[in-house]
Structure formats: C-alpha cells, structure tokens
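Structure, as structure tokens:
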Amino acid sequence: MGDPRPDDVRTTELALAAGAGDRAALVAFIRATQRDVYRFLGHLCARDEAEDLTQETYLRALRALPHFAGRSCARTWLLSIARRVAADQIRRRQTRPRTTAVEDWDTVTAARLSQRRSGFEEGILLRELVAALEPDRRDAFVLTQILGLDYAATAEVCGCPIGTIRSRVARAREDLIRAMNAPGQSGHSATGP
C-alpha cells in the first residue's frame, strides 16, 4: 500500500485552486473527498454523528483552504482535519455523558444475531469490532485498510512515524482476529468456517 491514490494530484490541484477562490474547484474538491471523509468519521465516531462531523470538517477546511500550501496531498490534509474533528467530538461526549441508556440500531442488531450469520451480519459485526479497537489502532487501520491511504500519508494524518503506523495496523489486525475467534463470537474463524 505504498502508492498514492491516482486522484491525489488532481484533488490537491482542486484544493489549491479552491484556496485561491475558484468556486467550481471547491465544489469539485468536496465531491472528490466527501465519501472518504464521511467513511473515516463513521469509523471514528458514532454512525449517527458522521454526517454532522463531515460538515464540521469541511467548515474547518474552508477556513484553512487559503493557507493550504500543498506540502502534502489535499486528501491527507483533509483527513487530518477530520481526525481532529472526531477527537474534539469524543472529548465533548466524554464531558457530557449520557444519563439514560439508549440502544441504537447496531446494538440491537448485534444482540439479536443468531449463531449463523449472513454476509450482512458479518459486516455489522466487523464494523462493531473495528469501532471497539483502541483509537490509535482504529485510526491507522481505517485509513490504510478501508480508505486505502498508504502508510506515509497515514503517518502524516496521525502525526507519527511510518513504523508506528505499521505496528498499529498489525496490532489492529491481531485484535480483530482475536475478537472474531473469541468464545461467544459465532462466525468464521481465521482457519475456516
């Protein structure tokens, strides 16, 4: 996963043009990056928060675009902003804990899974397991394995060395395999069905 995405050069050009005031470039930049930002935030925070946090990411990015110099690709720069938005949301949530127990769709669905899971149910389980990863491991795993960023770009987004990212991804994989094979998790094991 060491190669940059083919559209990163174009996305960076759009960001630079948008920072210079080109409104058409701004619209194209948002269209080119919105899906990745939403998916990334959906893995970092609660799914029902991802849309609002995506909007917050773009609000922050719009204020910063005139200062974007292109020292990194625009997607990396934007995902760095999204990561800070998610961290701010987590801090806000921790300072204002919920006072009532509220079950969301994921919780209800996970509680009712039968012994045999369909592909859809496996996807829900995997999403829950990824969400349960330690935050630094989850960030590295989602950026590299789900969004397809290379390790160098992920290191830039996370603000740490590439070796640390490699270690976090490897540990996240181990954690996921261990969680999938844990007693009480009926599904496919690492060695077969």
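Counted as qualifying within the stretch 98-156 are the helices (runs of 4 or more DSSP H) with 3 or more residues that are at pLDDT 60 or above and closer than 27 Å to Arg168 by Cα, namely 119-131, 135-141.
Of all residues in the stretch 124-163, those being of a type in the set (Val, Ile, Thr), over 14 Å from Ala82 (Cα atoms) and in contact (Cβ under 8 Å) with a residue 12 or more places away in the chain number 4.
Scanning the stretch 18-38 finds one or more residues that are in a helix (DSSP H, G or I), of a type in the set (A, V, I, L, M), exposed (fewer than 13 other Cβ atoms within 10 Å of the Cβ) and at pLDDT 90 or above. For the structure I just gave you, tell me whether Ala132 is of a type outside the set (Asp, Glu), out of contact with any Asp or Glu (no Cβ under 8 Å at 6 or more places or on another chain) and under 27 Å from Pro6 (Cβ atoms). Here the answer is no, as Ala132 does not meet what is asked.
Of everything in the stretch 42-66 that is among the aliphatic types (A, V, I, L, M) and in contact (Cβ under 8 Å) with a residue 40 or more places away in the chain, the residue that is nearest to Val157 (Cα to Cα) is Leu44. Does the stretch 40-54 contain at least one residue that is surrounded by fewer than 21 Cβ atoms within 10 Å (Cβ to Cβ), among the aromatic types (Phe, Trp, Tyr) and closer than 30 Å to Arg93 by Cα? Checked against the condition, which is being surrounded by fewer than 21 Cβ atoms within 10 Å (Cβ to Cβ), among the aromatic types (Phe, Trp, Tyr) and closer than 30 Å to Arg93 by Cα, the stretch 40-54 yields no hits at all. You will find that of Arg10, Arg71, Arg83, Arg75, the residue that is within 20 Å of Glu156 (Cα to Cα) and outside any helix (DSSP H, G or I) is Arg71 and no other.
Given the structure, is Arg63 basic (Lys, Arg), surrounded by 13 or more Cβ atoms within 10 Å (Cβ to Cβ) and either modelled with pLDDT of 90 or more or within 20 Å of the chain's Cα centre (by Cα) (or both)? Steps first, please.
Details: basic (Lys, Arg): yes; surrounded by 13 or more Cβ atoms within 10 Å (Cβ to Cβ): no; either modelled with pLDDT of 90 or more or within 20 Å of the chain's Cα centre (by Cα) (or both): yes.
When the stated conditions are applied, Arg63 does not pass them.
The values are calculated or read from the model by the stated rules, or taken from the named source; none is laboratory data. Please read all numbers here as calculations on a predicted model, not as lab measurements. Cβ atoms come from the backbone with ideal geometry, glycine included; neighbour counts cover every protein chain shown.
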